[in-house]
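The values are calculated or read from the model by the stated rules, or taken from the named source; none is laboratory data. Because the structure is a prediction, the values reported are computed rather than measured. Note that we place each Cβ from the backbone using ideal geometry, even for glycine, and neighbour counts take in every protein chain shown.
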Amino acid sequence: MSKVVRRRAGDLAPNLELWAALENGRILTAALADFYDEVFADPKLSHFFKDVTVERVREKQYNFLYAILTGEPVYFGERPRNGHHWMVISNELFDYRENMLARHLENHGVSDEHVQHLRRISEAFRKQIVKDAPFPKRFGGKELPLEGYESVDLAIGSLCDGCGGEMHEGDKAKYHVRTGHTYCQVCMPEGSSEPKVAATS
């Protein structure tokens, strides 16, 4: 049975005691591995990740929690609102996902007190994630479209989501405004409207 999660002041402040209880991330890594194995096999959740590898999703979630709990600048992904802007997620589905994660944390020996703290972190972003229709990303106070590609000069190196090749800082690339998939100039040359190679990650 799910528990009522009530937010508290300071839920998003660094909590080094909790991080230490997670053995500096070792327990979190193991719990997230089991959790996302179940997510990727779950009919209610797996379709949100059809073009993403389980390794990438685990890494992003780990770094997100690592950054919150330690205050270290290790998470460079999108904020939850933009990262989930295209996902239609109900309150029931949000709770379903949180209950699943809580179960895996408990299975790895995380105390109820610490599980509830981690749930309150998620709860802080409920209003940014739960919705009955997709909404555009926001950047610099402006709304971005839900479909199409934009050109970008990479601020940091990355991997092409088409061919998997390495892209370097300063390279020109194109990214899908909804999914965030990023393509090198070989996979998506200037003037093209679609990538030559479908996303593999």
From the list Gly191, Gly180, pick out the single residue that is modelled with pLDDT under 90, buried (at least 16 other Cβ atoms within 10 Å of the Cβ), in a loop (DSSP other than H, G, I, E, B) and among the small types (Gly, Ala, Ser).
Gly180
Filtered residue count, the range 71-106, keeping only those that are part of a helix (DSSP H, G or I) and at pLDDT 95 or above:
16
Identify, please: which residue in the range 125-144 is exposed (fewer than 11 other Cβ atoms within 10 Å of the Cβ) and in a loop (DSSP other than H, G, I, E, B) and is, among those, modelled with the lowest pLDDT?
Gly140
Yes or no: Asn63 over 16 Å from Met100 (Cβ atoms) and either within 16 Å of the chain's Cα centre (by Cα) or among the hydroxyl-bearing types (Ser, Thr, Tyr) (or both)?
yes
When you go through Val52, Val110 one by one, which is the residue that is surrounded by 16 or more Cβ atoms within 10 Å (Cβ to Cβ), within 13 Å of the chain's Cα centre (by Cα) and in contact (Cβ under 8 Å) with a residue 12 or more places away in the chain?
Val52
Inter-residue pairs, beta-carbon under 8 Å, first more than 21 Å from Asp95 (Cα to Cα) and at pLDDT 95 or above and in the range 21-40, second part of a helix (DSSP H, G or I) and of a type in the set (Phe, Trp, Tyr), 6+ apart:
Gly25/Trp19; Gly25/Tyr62; Gly25/Tyr66; Thr29/Tyr62
If only one of Arg97, Arg103, Arg120 is surrounded by 14 or more Cβ atoms within 10 Å (Cβ to Cβ), assigned by TED's automatic domain parsing to the domain that holds Phe40, of a type outside the set (A, V, I, L, M, F, W, C) and farther than 20 Å from Lys44 by Cβ, which one is it?
Arg120
Yes or no: Phe64 closer than 30 Å to Lys142 by Cβ, in the same structural domain as Leu118 (by TED's automatic domain parsing), modelled with pLDDT under 90 and not charged (D, E, K, R)?
no
